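Each remark here refers to the structure printed beneath this line.
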């Protein structure tokens, strides 16, 4: 772990608080403002609602550590199946493709991971996350996969581990290459509510994540359009096509469009759209 990552993980752990057992204790159980009158209990993870539980990962589901097939077997590689490594994690929630691919022969050497299995990087960059998008993926030995049981929602577990990333990093053995071995990972405790509440929390967080990803895609698209517009409007292009606008004018036009999209997606723009919709309902178009 780099010095910067260690500092960030240590600061996050100090912010949340650490109990004598070495587990972080988020203020108020990490729940924010809870309804008045709700019953709480004190756990190793801090103060939680009475119907929540502090469970080790091994009680959430089955943990499977990946592996890498022999690189001497060329027929194991360059097929249609994903061999996921930490480099493929933290690129959105679902891992759609991987840097390395397995052939059908190589994939048969693995146990296929079911869709929505939660992937956690446990060697090197500990705490990197992802989810299996289909049943045509396997992982290398740097990743632990959690196959949740019927009492736990895999999407909630994904977001829960995302929230506890600093604790995962802190739990890793502090060697030249940080390692969170399978036993320690299985003993890592998280706070879980009843299944219906897990699903509700995961649904809300899923909507927020999709909105953020859509916003990032739009910003990336408009930035690329602006770059291409400025590049294509060279002096030679303008001389060859007198009808084309000068570079500065096209860039300004696309730039205004980019700023408009960013404003519409901003909290201020959202608030204005909401007020306009209310006004139209009350007074007509």
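The values are calculated or read from the model by the stated rules, or taken from the named source; none is laboratory data. Please read all numbers here as calculations on a predicted model, not as lab measurements. Counting neighbours? That spans all protein chains shown, and the Cβs are built from the backbone with ideal geometry, glycine included.
Odds and ends about this structure:
- Condition met for residue 144 (free of Cβ contacts under 8 Å to residues at least 24 places away in the same chain and either closer than 11 Å to residue 126 by Cβ or not assigned by TED's automatic domain parsing to the domain that holds residue 100 (or both)): no
- Tally of residues being surrounded by fewer than 21 Cβ atoms within 10 Å (Cβ to Cβ) and either modelled with pLDDT of 95 or more or assigned to a helix (DSSP H, G or I) (or both) across the range 171-187: 5
Okay, residues lined up against (1) under 24 Å from the mean Cα position of the chain (by Cα); (2) on the phi < 0 side of the Ramachandran plot; (3) at pLDDT 85 or above:
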residue: 4; (1), (2), (3): yes, yes, no
residue: 7; (1), (2), (3): yes, yes, no
residue: 10; (1), (2), (3): yes, yes, no
residue: 27; (1), (2), (3): yes, yes, no
residue: 47; (1), (2), (3): no, yes, yes
residue: 67; (1), (2), (3): yes, yes, yes
residue: 72; (1), (2), (3): no, yes, yes
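- Per this entry, residue 79 is not counted among residues that are surrounded by 16 or more Cβ atoms within 10 Å (Cβ to Cβ), over 20 Å from the mean Cα position of the chain (by Cα) and in a helix (DSSP H, G or I).
- The range 137-165, residues that are part of a loop (DSSP other than H, G, I, E, B) and surrounded by 17 or more Cβ atoms within 10 Å (Cβ to Cβ): 140, 142, 152, 153, 164
- The one condition in (1) assigned to a loop (DSSP other than H, G, I, E, B); (2) in contact with a helix residue (DSSP H, G or I) (Cβ under 9 Å, 6 or more places away or on another chain); (3) modelled with pLDDT of 90 or more; (4) within 30 Å of residue 213 (Cα to Cα) that residue 90 fails to fulfil: (2)
- Yes/no for residue 168 being under 17 Å from the mean Cα position of the chain (by Cα), part of a helix (DSSP H, G or I) and more than 19 Å from residue 120 (Cα to Cα): no
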